[in-house]
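Read through the structure below, which is laid out as structure tokens, and then see the notes.
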Amino acid sequence: MRPQGPIFVGLPHLGPILIWTITQNQMSGWCEVPKKLPWCPPHKIIVLVWTTIYSVMGYASYLVWKDLGGGFRWPLVLPLGLYALQLILSWIVLTLFLSADNSGQALMYLLLLFGLVVSTVCIWHPINKLAALLLLPYLAWLTVTTALTFHLWRDSLCPAQQPQPTEQGN
């Protein structure tokens with residue numbers, strides 16, 4: 001791996017670190033009791049998955065950059081520009097989850113993000129098949145995240161659909 005490899009792997013983590021630093025006392029609690037969905041993963045799992053996905057995305061972008069000759073050349077504009085756009089959009093979605101507590105807006109951005117990641121996979125596939133394949137777990141995780149967000153949005157529109165807290169007898 002060239003010296004630029006660690007930069008590509010680390011770059012996607014800058015957004016979440018900055019977002020967490022700014023919003024750490026403003027967490028929305030979107031996946032906590034009493035409105036927690038039974039299949040909502042624990043917070044530690046969410047952090048672990050996002051950390052892994054951001055690292056894999058960074059490595060995949062490095063593979064594309066390397067295969068296109070590195071540097072700042074014209075052939076890099078579309079594949080890495082699309083990647084940069086979807087990376088920034090993923091940071092926006094993360095901000096909406098952590099502090100905004102606006103599931104409708106988060107759902108809209110997630111659907112746009114999903115389309116951008118699919119486009120990135122399609123653009124990267126002819127350049128580096130491994131890089132394109134490395135984005136597939138990201139698409140799977142976006143599917144889970146979108147499903148969670150849809151349910152939270154639906155429940156916010158129809159409070160009767162929300163799971164009710166259970167009484168625990170002593």
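The values are calculated or read from the model by the stated rules, or taken from the named source; none is laboratory data. All values derive from a computational prediction rather than experimental measurement. Virtual Cβ from ideal backbone geometry, glycine too; neighbours counted across all protein chains shown. We work out accessible area using only protein heavy atoms, side chains counted, and drop any ligands, DNA or RNA first. Shrake-Rupley method; radii C 1.70, N 1.55, O 1.52, S 1.80 Å.
Search segment 56-76 for residues that are touching a residue at least 12 places away in the same chain (Cβ under 8 Å) and pair each with any residue that is among the polar types (S, T, N, Q) when their beta-carbon atoms are under 6 Å apart and the residues are at least 6 apart or on different chains.
Cβ pairs passing all conditions: Leu63/Asn128; Val64/Asn128; Asp67/Asn128.
Are any residues in segment 56-97 of a type in the set (A, V, I, L, M, F, W, C), open to solvent by 70 Å² or more (accessible area, probe 1.4 Å) and either in contact with a helix residue (DSSP H, G or I) (Cβ under 9 Å, 6 or more places away or on another chain) or closer than 17 Å to Tyr138 by Cα (or both), and if so, which ones? First the steps, then the outcome.
Taking segment 56-97 as the starting set, the residues that turn out to be of a type in the set (A, V, I, L, M, F, W, C) are 56-57, 60, 63-65, 68, 72, 74, 76-78, 80, 82, 84-85, 87-89, 91-94, 96-97.
Add one more test, that the residue is open to solvent by 70 Å² or more (accessible area, probe 1.4 Å), and what stays is 72, 74, 77-78, 85, 88.
Correct list: Leu78, Leu85, Ile88.
Would you confirm, using the coordinates I've provided, whether Cys31 is exposed (fewer than 14 other Cβ atoms within 10 Å of the Cβ) and either over 23 Å from Phe150 (Cβ atoms) or at pLDDT below 80 (or both)? Before you say what the answer is, go through the steps one by one.
On the way: exposed (fewer than 14 other Cβ atoms within 10 Å of the Cβ): no; either over 23 Å from Phe150 (Cβ atoms) or at pLDDT below 80 (or both): yes.
So Cys31 does not fit the description; no.
Return the residue satisfying two criteria in turn: it lies in segment 128-170 and is at pLDDT 80 or above and outside any helix (DSSP H, G or I), and of such residues it is least open to solvent (accessible area, probe 1.4 Å).
Top of the filtered list is Leu135.
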